[in-house]
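Shown next, in structure tokens, is the structure this report addresses.
The values are calculated or read from the model by the stated rules, or taken from the named source; none is laboratory data. None of the values given here were measured: they were computed from a predicted structure. Every residue, glycine as well, gets a Cβ built from its backbone with ideal geometry; the counts of neighbours run over all protein chains shown. Accessible surface is based on the protein model in full, side chains and every heavy atom, while ligands, DNA and RNA are left aside. Shrake-Rupley method; radii C 1.70, N 1.55, O 1.52, S 1.80 Å.
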Amino acid sequence: MSRYNHRDVEPKWRAAWDGAGLFRAREPQEAGGRPKAYVLEMFPYPSGRIHVGHSRNYTMGDVVARYRRACGFNVLHPMGWDAFGLPAENAAIERGIHPGDWTRANIATMRDQIRLLGVAYDWTREIATCEPDYYRHQQALILKFHEMGLLYRRKSTVNWDPVDNTVLANEQVIDGRGWRSGALVETRELDQWVLKITHYADDLLEALRGLERWPDKVRTMQANWIGRSEGARVRWRLTAPFQTADGPIDDIEVFTTRPDTLFGASFIALSPDHPITREVARTREDVAGFCARAAQLGTSQEAIEKAEKAGVDLGLRVRHPFDPDWEIPVWSANFVLSGYGTGAIFGSPAGDQRDLDLARKYGLPVTPVVLPPGGDPATHAIDLEAYDGPGVTYNSRFLDGLSTEAAIVAAIRRLEEIGAGEGVTQFRLRDWGVSRQRYWGCPIPFIHCVACGVVPVPREHLPVTLPQDVTFDRPGNPLDHHPTWKHTTCPTCGCAATRETDTLDTFVDSSWYFARFCDAANPDLPFDTAKADYWLPVDQYVGGVEHAVLHLLYSRFFTRAMRDAGLLHTPSGEPFAGLFTQGMVVHETYRSSEGRWLLPEDTELAGDVRVERATGAPVAVGAVEKMSKSRKNVVDLDDVVRDYGADVVRWMVLSDSPPERDVEWTSGGALGAWRFVQRIWAAVDALPAGAPGPLTVA
RNA sequence: GCGGACGUGGCGAAACAGGUAGACGCAAGGGACUUAAAAUCCCUCGGCUGCAAGGCUGUGCGGGUUCGACCCCCGCCGUCCGCACCA
């Protein structure tokens, strides 16, 4: 009886597969009657090496791809590299390596590792987003979006990451910190390139319903992120025009979901960075002090929870839209967000806890206008707890006696009649700022001309390529420091002009790569429309849930934009018909007595105690966490493939836990998987030669 | 605070239109075969109890519905994830 020797068997079959071109997708016209199946795993950032955490993702996709192939489908199962990004620049700074060299070396290493794993990829379609033959098409797409009005430029307050020295999209700010650096995010005013994702806000939300093969969790997260709410915009006329450098302001607009409570209004509150607040702060020290304190508050969850509601009277007054004789004061309040709605609210203390807190603190009137079910209008009172539920409207003149629902409709109708407001739909989703002040990204193909303004680079001049000779010896954007790169001439008037030195957010690169795979070698177009129409949408996408509102939302936007540009015709506008979010591979963490993180391979078990291999010193065994380089709890793919073979790795990460749940990598588990694979081998090996086996391998 | 998921042996987990809880696997223990080990094969493996047949108990906790509850209802406790002053 022979034993399973992965060192012989696995290379043999890999070579056989490669030699036969077994996993190449057929072009649409060659497919015959085969239905298509597009199976895709989220492509990796080439950070250095593949660990068993990656391998679970690829193995799951591989199972689906191989199964579809066995069922007679024409399968597209490609792999590529999300190759632009900050770690390459950090490597350049730390080790003096060019980001491109570092990235390409990592790709070469990781490609070899993935090949060892034996995943059935069509390597002829491999792409890397950092190569001009990829990003030239991205630049063309971006120019097209600009023509369509989906890319625009705007001066805006942005999330600034002071460690990475760049701007972050809202989606990239987690608990007030940069998603990558973990640094507390600051706000800055900058000119930004922005993608108009809000153009599709409604469709992106509505279409979630049709994504039946997506996890509910991800759909819910996207729905919350898009955050639609129905309500009214209401204009409150100032008793006297407010003078600013840009001219007088006559009224203040607020957004509300509860126009039925307008008769309960007792103040207007503006955000601390509302233009009017800022203007008042110039001449009033108390207001300036209030704004400074509000800005310091920070955005961490603890700060928000503990922050006391505070405000300051700006000394302005507005007239009630339904009664010009009724005046209420204008305040600024620390809980009003500048980025949502109009950055201004009307305070209706009886129906909103925050408004009530403010009113009680400063002695502003509290008028209940909603009677809860079963309440008595003669005795119902609000003390320190607001009632924000539905009920019967009262103390509200023409709205008296109406249900909350009916009163909202009636109030909006009246607002529209008298021109003081209108019903609107408000989204939480904001446009996607894509400018990054970095070198290692896709150049944004525009030129700044003193005479002509911002001018697109003509198509025939694409790609705008990155310069090779850059230095990272000072902070800021190397493209900006480069002696010659940004100096050019205006395509329109021929005058001296400068190139845009911002590069695109790397999430742009990954927002359309699945379409490039449909026609990866096309030199002239991002992809041929017929081929994209054949392959898209991706039938089964597999990846981590951490991209629920980043990559997965951006890609949905991009597919819609490409569709509206006429580049493809997927009717739904959806890139991924099926999505599976797999559980992570987790591993114990180890620290030395001095607190250094240790690689698992640098430790060993001495009896029941884990010790450092080199010194024998005891090791503190920490939490079981997601494999990550920073915690050093990674198990390198090469090591386990060498010791156990790819089949054992694949079996272990698939079998030890349900696919949507985390799996803990342990040496005992690997050993068990190894024995299992041995037993299968032995069972097949025991069959008489030539006998039809329980499994017939095609 | 809001929303969601989850809680079953030493471990990963099955079983859910309410019908023998712990399938399958890992680990562990015992035995066979070996000079010995590995591999392989056999047995045991929730807890308590019993020589045994068996008995009692057991799916986070407390109630309830039912002939019957891991499953349905009410109330707690805990873990994880997402969002978070969104007007």
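Set side by side, the residues A:R237, A:R213 differ, and just one is in contact (Cβ under 8 Å) with a residue 40 or more places away in the chain, open to solvent by 60 Å² or more (accessible area, probe 1.4 Å), of a type outside the set (D, E) and under 30 Å from A:A577 (Cβ atoms), which is A:R213.
Specify the residue that is farthest from A:R66 (Cα to Cα); the eligible residues are those in the stretch A:540-564 that are open to solvent by 10 Å² or more (accessible area, probe 1.4 Å) and either away from RNA strand B (no atom under 16 Å from the Cβ) or aromatic (F, W, Y) (or both). This residue is A:D564.
Residues that are surrounded by 18 or more Cβ atoms within 10 Å (Cβ to Cβ) and assigned to a helix (DSSP H, G or I): does the stretch A:453-464 have at least one? No, the conditions are met nowhere in the stretch A:453-464.
What are the residues in the stretch A:618-631 that are surrounded by 13 or more Cβ atoms within 10 Å (Cβ to Cβ) and more than 28 Å from A:T59 (Cβ to Cβ), if any? Hits for the stretch A:618-631 are A:P618, A:V619. Put simply, of A:R3, A:R66, A:R14, A:R49 the only residue that is surrounded by fewer than 18 Cβ atoms within 10 Å (Cβ to Cβ), in contact (Cβ under 8 Å) with a residue 60 or more places away in the chain and not in a loop (DSSP other than H, G, I, E, B) is A:R14. Residues that are assigned to a strand (DSSP E or B) and modelled with pLDDT under 85 do occur in the stretch A:625-644.
Look through A:A201, A:A207 and report the one residue that is of a type outside the set (F, W, Y), assigned to a helix (DSSP H, G or I) and more than 16 Å from RNA strand B (Cβ to nearest atom).
Details: A:A201 fails: more than 16 Å from RNA strand B (Cβ to nearest atom).
So the residue among A:A201, A:A207 that is of a type outside the set (F, W, Y), assigned to a helix (DSSP H, G or I) and more than 16 Å from RNA strand B (Cβ to nearest atom) is A:A207.
Being open to solvent by 50 Å² or more (accessible area, probe 1.4 Å), closer than 29 Å to A:A37 by Cβ and modelled with pLDDT under 95 is a property that holds for A:R115. Which of the residues belonging to the stretch A:329-364 are aliphatic (A, V, I, L, M) and away from RNA strand B (no atom under 15 Å from the Cβ)? The answer is A:L364, and nothing else. The sole residue among A:G341, A:G363, A:G351 that is touching a residue at least 24 places away in the same chain (Cβ under 8 Å) and on the phi > 0 side of the Ramachandran plot is A:G341.
Selection over the stretch A:216-232 of residues that are open to solvent by less than 70 Å² (accessible area, probe 1.4 Å) and either under 16 Å from A:E574 (Cβ atoms) or over 18 Å from the mean Cα position of the chain (by Cα) (or both) gives a count of 8. Scanning the stretch A:568-598 for residues that are part of a strand (DSSP E or B) and under 19 Å from the mean Cα position of the chain (by Cα) yields A:F576, A:G578, A:L579, A:F580, A:T581.
Annotation: of all residues in the stretch A:663-683 being within 7 Å of RNA strand B (Cβ to nearest atom) and in contact with a strand residue (DSSP E or B) (Cβ under 6 Å, 6 or more places away or on another chain), the one that is nearest to A:L599 (Cα to Cα) is A:E664. Taken as a whole, the condition of being in a strand (DSSP E or B) and open to solvent by less than 30 Å² (accessible area, probe 1.4 Å) applies to A:V424.
The single residue among A:V634, A:V663, A:V684, A:V641 that is touching a Leu at 6+ places or on another chain (Cβ under 9 Å), within 30 Å of A:D8 (Cα to Cα) and open to solvent by 30 Å² or more (accessible area, probe 1.4 Å) turns out to be A:V684. A single entry from A:V158, A:V163 fulfils the requirement of being among the β-branched types (V, I, T), buried (at least 21 other Cβ atoms within 10 Å of the Cβ) and closer than 22 Å to A:N477 by Cβ: A:V158.
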